[in-house]
Amino acid sequence: MITTAVKVRIHSFSPSVHQQKGFPSGPFHACLTAKCGRDRQGSACCAYGTSVDSISYHQLSAHRSYFEEKLGMEFTRMFADVWLEDPEYPGGRAIRSSVQNNMCVFTTGPGMGCEIVRYTKQNHLPDSMIPAACRLYPVTWNQGELFVDQIQENCICTAVDNPATQSIFETQYSEIKDIFEF
């Protein structure tokens, strides 16, 4: 795993990161297989696109031809036009992914998950190629605090029968440790 050059500083943790159950099979398996959302088709957290930190963006751009062919569009169209300068993102800035058909452009279809996650994992590429916001979901951060975002309906995390024995902090710990300094 490649560690970001400058980690984002976290100074506090909401109790929710230790109280919320985690993913029973790890974060990325859940991303590709979860049957979340009202329609139970999966990818509920992808409906609004994501903030792609500059570390991820540059790694994705090195594989632009793959994503252009797979998604059928020019690489630059996969993102908004404006970068947000923000020291809370790895690399100090982020750009929004485009949304198409009410879904992040990197979502490959109902119940099929994220193409960035799939491609990264299948090709044994660094996890830092996956946007930090996606690597951590449903854990998120703002103004130096780590907390659990509002979890999408029917997510495995909120299921009564979730077999996970670890908290979301524990199941996401390797990603948290890679992105943040605390």
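A quick yes/no check of all residues on (1) exposed (fewer than 15 other Cβ atoms within 10 Å of the Cβ); (2) among the polar types (S, T, N, Q); (3) free of Cβ contacts under 8 Å to residues at least 24 places away in the same chain:
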{"site": "Cys46", "(1), (2), (3)": "no, no, no"}
{"site": "Val52", "(1), (2), (3)": "no, no, no"}
{"site": "Leu60", "(1), (2), (3)": "no, no, no"}
{"site": "Pro87", "(1), (2), (3)": "yes, no, no"}
{"site": "Thr107", "(1), (2), (3)": "no, yes, no"}
{"site": "Asp127", "(1), (2), (3)": "no, no, no"}
{"site": "Gly144", "(1), (2), (3)": "yes, no, no"}
{"site": "Val148", "(1), (2), (3)": "no, no, no"}
Reported set for segment 50-64 where residues are more than 15 Å from Asn123 (Cα to Cα) and not in a strand (DSSP E or B) is Thr50, Ser54, Ile55, Ser56, Tyr57, His58, Ser61
Listed by first then second residue, the pairs whose first member lies in segment 155-182 and is farther than 27 Å from Ile55 by Cβ, whose partner is surrounded by fewer than 20 Cβ atoms within 10 Å (Cβ to Cβ) and at pLDDT 80 or above, with beta carbons under 6 Å and at least 6 positions apart or on separate chains, are Asn162/Lys21; Ala164/Lys21
Segment 90-182: strands (runs of 3 or more DSSP E) wholly inside it with 3 or more residues that are modelled with pLDDT of 85 or more and closer than 16 Å to Phe13 by Cα are 139-142, 145-148
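The values are calculated or read from the model by the stated rules, or taken from the named source; none is laboratory data. Everything numeric in this text was worked out from a predicted model, so none of it was measured. A quick note on method: Cβ atoms are made from the backbone with ideal geometry, for glycine too, and the neighbour counts reach across all protein chains shown.
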